[in-house]
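The values are calculated or read from the model by the stated rules, or taken from the named source; none is laboratory data. Keep in mind the model is a prediction, meaning the values are calculated, not measured. In this analysis, Cβ positions are derived from the backbone assuming ideal geometry, glycine residues included, and neighbour counts consider all displayed protein chains.
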Amino acid sequence: MVRENFDIHFIIEKFPAILSALPVTLEITAVTLVLGWLLGLLVAWGKVSGSGWLKKFLRILTDIIRGIPTVVLLYIVYFGLPKLINVSNWSKISFVVLALMIELGTTSSEMFRSAYNSIQKGQLEAAHALGYTEIQKFFHIIVPQGLAVILPNLGSAVLSIIRATALVYTLGIFDILGKARQLDTNVSHVKTFEMYFSVAIIYWALAVLIQFIFSRLEKQMRKESVQ
């Protein structure tokens, strides 16, 4: 193998092009988080309030999804769903979001279930005695207390989804990794390290930003709980 010097000038030149694909990564992440957490809440509700057979089914489903690597789940959805329904109008991003949503929804359901179980039942009973509706109990008791419990895990979930989006290039989607690979191909793969190094910088910056945001949120919630 011929030794190549690290080319910082190439990184500076191509970095804006890689960064131009960041909206794709952020779009997939944002949509997946919203839909995945909504699914997680529904699954958690089923685990807490559902019938015996439903609870057992959801536990088994969660265990199955947890055991499947993300890339395998992505391929199952991408290649398997067209055999079941008509998805001719679906974009590749839709398949990615669905796969990541399924993974996030089932895994985050345990997080939501644990948060709900951490709430003292006496508070819910007191709220019921005071005439609170289920919606009022949800927003005034369950959400504030549950959020304090799961906030660190929410931050970890965001980071996990951001990292998982790196797999979408395997479907030909030009996220930041896909864009970097395209640029590397254009120069006959002689700047592969520089391309991956650039992508690593972007992912690292996103991780630092997410950790900072959730750290501030945790401090704010602790401050409010003391008051």
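Of all the residues that make up region 207-227, how many are of a type in the set (A, V, I, L, M, F, W, C) and either touching a residue at least 60 places away in the same chain (Cβ under 8 Å) or touching a strand residue (DSSP E or B) at 6+ places or on another chain (Cβ under 8 Å) (or both)?
Adding up the residues that qualify gives 3.
Would you be able to tell me the number of residues in region 118-137 that are outside any loop (DSSP other than H, G, I, E, B), without any contact (Cβ under 8 Å) to a residue 12 or more places away in the chain and over 18 Å from residue 45 (Cβ atoms)?
4
Just checking, does region 138-160 include any residue being in a helix (DSSP H, G or I) and of a type in the set (Phe, Trp, Tyr)?
Yes, that holds for at least one residue.
Starting from residues that are assigned to a helix (DSSP H, G or I) and among the aromatic types (Phe, Trp, Tyr), keep the ones in region 161-208 and report whichever is farthest from residue 15 (Cα to Cα).
The extreme case among them is 169.
Are any of the residues in region 176-197 modelled with pLDDT of 90 or more and small (Gly, Ala, Ser)?
For region 176-197, residues modelled with pLDDT of 90 or more and small (Gly, Ala, Ser): present.
Does any residue of region 213-226 turn out to be under 24 Å from residue 29 (Cα atoms), among the basic types (Lys, Arg) and touching a Ser or Thr at 6+ places or on another chain (Cβ under 8 Å)?
Scanning region 213-226 turns up no residue that is under 24 Å from residue 29 (Cα atoms), among the basic types (Lys, Arg) and touching a Ser or Thr at 6+ places or on another chain (Cβ under 8 Å).
Search region 99-135 for residues being of a type in the set (Asp, Glu) and surrounded by fewer than 20 Cβ atoms within 10 Å (Cβ to Cβ), and hand back the single one that is modelled with the highest pLDDT.
For region 99-135, the residue satisfying everything is 110.
Tally up the residues in region 21-65 that are of a type in the set (Ser, Thr, Tyr) and in contact (Cβ under 8 Å) with a residue 40 or more places away in the chain, please.
Residues meeting the conditions: 4.
Do any helices (runs of 4 or more DSSP H) lying entirely in region 1-72 carry at least 3 residues that are within 16 Å of residue 104 (Cβ to Cβ), and which ones are they?
22-49, 52-66
State which residue pairs qualify: first residue over 19 Å from residue 65 (Cα atoms) and inside region 87-113, second residue in a helix (DSSP H, G or I) and hydroxyl-bearing (Ser, Thr, Tyr) in any location, beta carbons under 9 Å apart, and separation of 6 or more residues or different chains.
87/94; 92/78
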